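The values are calculated or read from the model by the stated rules, or taken from the named source; none is laboratory data. What you see is a predicted model; the values in this text were computed from it and never measured. Heads up, the Cβs are rebuilt from the backbone with ideal geometry, glycines too, and the neighbour counts pull from every protein chain shown. Heads up: the accessible areas ignore ligands, DNA and RNA and are worked out on the full protein's heavy atoms, side chains in. Shrake-Rupley method; radii C 1.70, N 1.55, O 1.52, S 1.80 Å.
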Amino acid sequence: MEPDRQLPRENGTTHCVGVSPDWGLVGLLWVAFFLNQADRQVFNVVLPLIQADLNLSNQAVGAIATVFTIALGVLVPVAGLAGDLFDRRRIVVFSLVLFSLGTLATGFASGMVALILLRGVATGGGEAFYAPAAASLISETHDRTRARALSIHQTANYSGIVLGSLLSGWIAENYGWRSTFLVYGVAGLAWAAIFHWRTGRGERQHAPRATRVRVDLAPFGEAIRLIASRPALIVQLVAFGAMVFGTVGFLTWTPTLLRERFGYGITAAGFHAVLWHYLAAYIGVLTAGVLTDRWVARWPRIRLLTMGLGLVVCAPWVLLVATAATPLVMFIGLAGFGLARGVYDANLFAAIIDIVEDRLRSTVLGLLIASGFILGAIAPWAMGAMKDHYGLAGGFVLIASVFLAAGALLLTTIAAGRSRAR
């Protein structure tokens with residue numbers, strides 16, 4: 001039997017022909033991403049209990065959430081650069097440890113200043129370091145199955161939001177809000193140790209990066225120039241910002257819509273607001289991931305095409321949510337929105353990774369995520385302003401319009417690129 005041939009890889013490491021991609025790494029990262037997203041929901045779920053216990057005003061609570069978003073958005077580009085300079089597995093472990101320590105310490109917070117430092121800065125900053133390094137790690141061992149692997153990883157986002165919210169509420173109701181932060185903090189630290197142990201065995205995959213002892217800003221400048229020279233990358237940054245804008249607005253205001261229009265309680269409104277959307281998103285992201293991996297060799301633009309169509313198709317479902325006269329119709333709209341959103345998410349990172357060399361991938365992904373959070377941070381305020389003038393349904397019309405414009409921009413870019421190719 002002929003031994004496996006060793007092929008060079010872009011970052012100087014090797015892989016074996018015939019060796020299946022590292023699905024075990026995807027599984028380890030899936031749990032890490034689940035904890036990352038579940039941890040992000042804890043504060044939102046137990047917010048009324050924190051306010052009552054610490055006597056915090058709405059303005060104070062808003063300041064904590066704002067600092068969290070700013071810390072995450074500002075540090076994501078730094079995290080992306082770090083993922084291209086150093087061992088990406090160590091960056092993932094660092095992220096897990098930092099946001100878990102911040103979460104654990106938040107359970108002991110006694111006032112607004114402590115919450116800003118622990119929840120806003122430490123937890124937000126720690127979470128910022130996860131996504132660029134994790135997506136780049138997956139791309140190293142998955143070529144033909146890239147979108148499939150990233151789609152499976154993306155389901156941890158959905159699971160963390162839905163299951164994390166339910167678990168957080170149950171712990172808070174039975175053991176108090178502080179226990180919720182303690183549980184997630186300990187779980188994150190434990191998984192950081194497990195991840196380090198499981199991925200630290202054997203030869204290091206990133207020896208060239210690990211030998212660097214000084215910060216090198218050259219990849220950041222190269223990434224900026226690369227994005228500026230590729231219209232497809234610029235459009236993807238804008239489209240991702242549109243998706244984050246819509247998703248943040250959706251997560252912020254859908255529970256309120258259910259309460260105001262149909263009289264749902266707080267727990268039921270929060271549960272139904274995310275359940276139907278994310279169940280359908282599972283189907284969309286996994287199906288699109290498998291199909292685009294199968295078709296991308298024949299149709300190189302299939303990833304951008306599915307992303308553009310996904311955004312466009314989001315729009316009518318969001319409008320259905322805005323105008324639904326019964327809970328059933330609204331749940332159908334939420335599911336349709338989730339399905340289309342999953343189709344978009346399946347190729348979010350894969351479409352970029354396909355055209356960016358390994359040494360710049362994490363940096364480019366960091367800039368992508370930063371652009372999304374900058375635009376996404378505007379959504380709650382913008383929808384609140386729409387509600388004041390046109391009712392909450394007006395905010396959902398705004399989301400639908402943003403999705404439609406971003407999807408049309410992606411599809412137009414594809415058509416323009418095809419015309420130039422001819």
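Ranking 132, 169, 150 by how far each Cα lies toward the positive end of the dipole of the stretch 110-176 (charges on Cβ) leaves 150 at the top. So if we plug the beta-carbon distance of residue 193 and residue 389 into 1/(1 + (r/R0)^6) with R0 = 41 Å, what FRET efficiency do we get, rounded to 0.05? Calculated value: 0.20. Placing unit charges on the Cβ atoms of the charged side chains and taking the dipole of the stretch 34-96 about its Cα centre, the candidate lying farthest along the positive direction among 67, 80, 47 is 80.
The string of couplings for the stretch 280-286 from the Karplus curve (6.51, -1.76, 1.60, θ = phi - 60°) is 5, 4, 3, 4, x, 5, 6 Hz, one whole number per residue in order, with x for Gly and Pro.
Heavy-atom accessible surface of the chain, averaged per residue, reaches 43 Å², computed with a 1.4 Å probe.
Can you give the helix-only mean residue ellipticity at 222 nm for the chain, where every DSSP H stretch with n ≥ 4 adds -39500 (n - 2.57) and the sum goes over all residues, rounded to the nearest 500 deg cm²/dmol? Let's see the in-between values first.
Details: 18 runs with 336 residues, N = 422.
Rounded to the nearest 500, the figure is -27000 deg cm²/dmol.
The residue among 373, 408, 343 whose Cα reaches farthest toward the positive pole of the charge dipole of the chain, with charges on the beta-carbon of Lys, Arg, Asp and Glu, is 408. The modelled label-to-label distance for the pair residue 261/residue 179, using points 7 Å beyond Cα in the direction of Cβ, is 3.6 nm.
Peptides 93-102, 268-277, ordered by how many other C-beta atoms sit within 10 Å of their residues on average, highest first, read 93-102, 268-277. Subtracting the Cα-Cα distance of residue 218 and residue 163 from 0.36 nm times their residue separation leaves 15.7 nm of extension gain. Note on residue 58 and residue 144: the model spin-label points, each 7 Å out from Cα along the C-beta direction, lie 5.7 nm apart.
In the elastic network of the chain, a GNM with C-alpha springs shorter than 10 Å, the most mobile of 168, 139, 57 is 57.
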